[in-house]
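To start, the structure itself, in structure tokens.
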Amino acid sequence: MTTIQLAGSGISIADIAAIARNQVQVAADEHVLARLAQARLVLESVAASGQPIYGMNTGLGGNLKTAVTDEFAAFQLQLIQGRGAAVGEPLPRDVTHAVIAARLAMLAVGGSGISPGVFEALLALLNAGVHPVMRSIGSIGAGDLVLLSAMARVLVGEGEAEYRGEVLAASEALARAGLKPPILQPKDGIALLNASAVSAGEGALVLHDLGRLLGWQRQAAALSFEGMAGNPAIFATAIQTARPTPGQVEEARVLEDAITGSSLYEGNAAIQDPLSLRCIAAIQGALADALDRAERSVELELNSATDNPLVIVEERRVLSTGNFHTPALALAFENLGLALAQAAAASAARFIQLTGVGRNGLPRYLSPIGGPSAGFVPMQKTVAALLASIRHKANPVMLDFLPVSEGVEDHATQSLLTIRKLGQMLTSWRLLIACEMVAAAQAVDLRQGHHCGAGTRTTYEMIRSKVLVLCEDRSLGEDVWALASHLEGAIAPL
């Protein structure tokens with residue numbers, strides 16, 4: 001893929017990840033530019049009739065009742081300058097790229113009334129690789145305008161931007177990239193700012209990464225099933241369809257496919273395994289379903305007109321809206337965080353089962369030499385610490401807000417905070433998955449005469465290409481770190 005087309009619909013999480021991380025270029029469909037021009041004409045016509053239009057001929061927030069009677073274009077510059085209140089570390093380069101791509105996708109729907117020239121200038125900024133230095137703290141989920149101010153300011157030649165690895169004054173960065181700042185027209189400033197583009201762009205990258213890690217969690221769980229000599233009958237289709245909760249049927253199929261051909265089908269399995277093993281399909285199926293819902297929420301944002309005010313071209317009207325508000329998005333990420341923590345808890349439980357006193361024919365602590373050998377048991381503390389970190393970040397935050405702007409903005413969603421804490425959970429989860437994998441591979445090695453299924457054999461061989469079998473006590477933390485580093489950039493087999 002060399003170019004992604006903005007058509008006002010159809011932008012996916014995978015598209016945002018490709019733009020942000022693979023430098024895929026973006027182009028606007030000719031119909032998008034035509035619709036932007038139409039919306040602009042409607043906006044100007046309604047404004048000429050004398051209708052108050054928020055952020056165009058009125059102030060913002062607490063200044064709602066303050067009329068703007070002249071210097072409309074200058075007010076737009078004042079508007080973006082005055083919202084530059086973000087603090088904290090700058091967003092990473094890929095996140096900044098994703099944010100600009102997300103705002104362009106939303107603008108392409110055609111509800112903002114933005115000047116086509118300003119839209120095209122933002123598109124050129126993205127494709128040229130000019131990255132505004134965007135501070136990370138300042139959004140409460142009622143639009144991301146305080147953070148997006150940095151993007152808008154760089155577009156007009158103010159603030160700082162990173163270009164080809166160097167942080168420069170925005171005017172210098174634009175000049176080096178061969179770009180000229182556009183002249184903002186009435187409403188262009190608020191059109192750039194008043195949206196959930198940071199939440200949608202950053203959220204898309206978090207979900208992209210989570211989906212890849214879920215693939216590895218499936219492989220780790222399947223290999224643990226081999227190592228603990230689980231009963232494969234638990235994956236029977238009849239069991240799943242008896243209570244077909246979302247995700248469970250498909251999860252059982254994936255896990256069963258992974259162990260197909262295993263010697264587990266030849267032995268005398270236990271009637272019932274521990275719940276972290278017996279309920280894998282239900283636990284991971286719930287996570288897969290939560291991920292699907294979060295993906296739909298983000299893609300809804302990416303392909304919707306989230307503007308306030310909104311230009312309704314077909315009705316030739318301009319109306320104030322709350323479409324920038326993101327309660328459903330925040331709730332989807334909170335739910336996903338809880339589902340991830342539940343799956344992580346099951347992974348940790350399997351690790352404890354594998355590495356504790358001898359079970360299912362395994363030696364104590366997965367040590368082949370026995371005696372005073374510590375084997376894998378010290379790693380139980382690391383696993384407990386990782387799970388505690390995940391559980392802590394799974395606590396909901398979407399109700400943590402205060403009324404601002406003289407009470408005009410008396411509700412918020414904290415969607416960006418819900419997204420970021422989920423992203424932080426992924427680091428601990430990846431390490432936890434690596435812990436389970438290393439222990440499961442050791443269990444397979446210690447299970448004499450056992451052979452894995454085709455899928456689990458591939459996972460086992462991947463692990464052994466990074467981590468040697470434990471023959472005597474050594475620093476397992478280094479092994480886990482090496483494997484987790486590999487998982488970060490690799491894609492799990494289906």
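The values are calculated or read from the model by the stated rules, or taken from the named source; none is laboratory data. What you are looking at is a predicted structure, and each value in this text was computed from that prediction instead of being measured. As a convention, Cβ positions derive from the backbone with ideal geometry for all residues, glycine included, and neighbour counts pool all protein chains shown. The area values use the complete protein model at the heavy-atom level, side chains included, leaving out ligands, DNA and RNA. Shrake-Rupley method; radii C 1.70, N 1.55, O 1.52, S 1.80 Å.
Tabulated results
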quantity	calculated
Karplus-derived 3J(HN,Hα), 6.51/-1.76/1.60, for each residue of region 309-315, Hz, glycine and proline x	x, 10, 8, 9, 4, 4, 9
Principal-axis tilt of helix 30-48 within the chain, Cα atoms, nearest 10 degrees	50
Protection proxy ranking, peptides 97-110, 251-264, average beta carbon neighbours within 10 Å, highest first	97-110, 251-264
Within region 4-194, percent of DSSP bridges classed antiparallel, to nearest 5	75
Residues of region 377-444: accessible area per residue with a 1.4 Å probe, Å²	42
Total formal charge among the other residues, if their Cβ is under 15 angstrom from that of residue 170, Lys/Arg +1 and Asp/Glu -1	0
Solvent-accessible area of residue 228 with every protein chain in place, 1.4 Å probe, in Å² to the nearest 10	10
Top positive-direction residue, dipole computed over region 4-194 with Cβ charges, set 52, 117, 107	52
Options (i) 79, 54, 43; (ii) 85, 49, 43; (iii) 72, 58, 43 - which one matches Cα extents along the principal axes in Å as calculated here	(ii)
Approximate shape of region 4-194 as ellipsoid semi-axes (Cα gyration tensor, √5λ), whole Å, largest first	26, 20, 15
For region 142-159, 3J(HN,Hα) per residue [Karplus equation, 6.51 cos²θ - 1.76 cosθ + 1.60, θ = phi - 60°, Hz, x = Gly/Pro]	10, x, 10, 5, 5, 6, 5, 4, 4, 5, 5, 5, 5, 4, 9, x, 10, x
Shape call, region 132-207: gyration tensor on alpha carbons, a/c limit 1.5	oblate
Region 167-264 - accessible surface per residue (Å², probe 1.4 Å)	32
Extreme residue, positive dipole direction of region 251-326, given options 298, 254, 311 (C-beta unit charges)	311
Whole-number D in µm² s⁻¹ for region 288-396, Kirkwood Cα-pair radius fed into Stokes-Einstein, 25 °C, 0.890 mPa s	138
Highest-first arrangement of 282-288, 444-450, where packing means the average Cβ count within 10 Å	282-288, 444-450
Estimated [θ] at 222 nm from DSSP helical runs (n ≥ 4, -39500 (n - 2.57)) normalised by residues in the chain, nearest 500	-18000 deg cm²/dmol
Helix 379-393 axis, angle to the chain major axis (alpha carbon atoms, nearest 10°)	30
Relative packing of peptides 295-302, 150-157 - highest average C-beta neighbours within 10 Å first	150-157, 295-302
Region 114-162: translational diffusion in µm²/s, Stokes-Einstein, Kirkwood Rh over Cα pairs, 10 °C, 1.306 mPa s	139
Percent accessible area from carbon and sulfur atoms, the chain, protein chains only, probe 1.4 Å	55
Degrees separating the helix 197-227 axis from the principal Cα axis of the chain, which is the longest one	10
For region 356-494: rounded, prolate or oblate by the Cα gyration tensor [a/c cutoff 1.5]	prolate
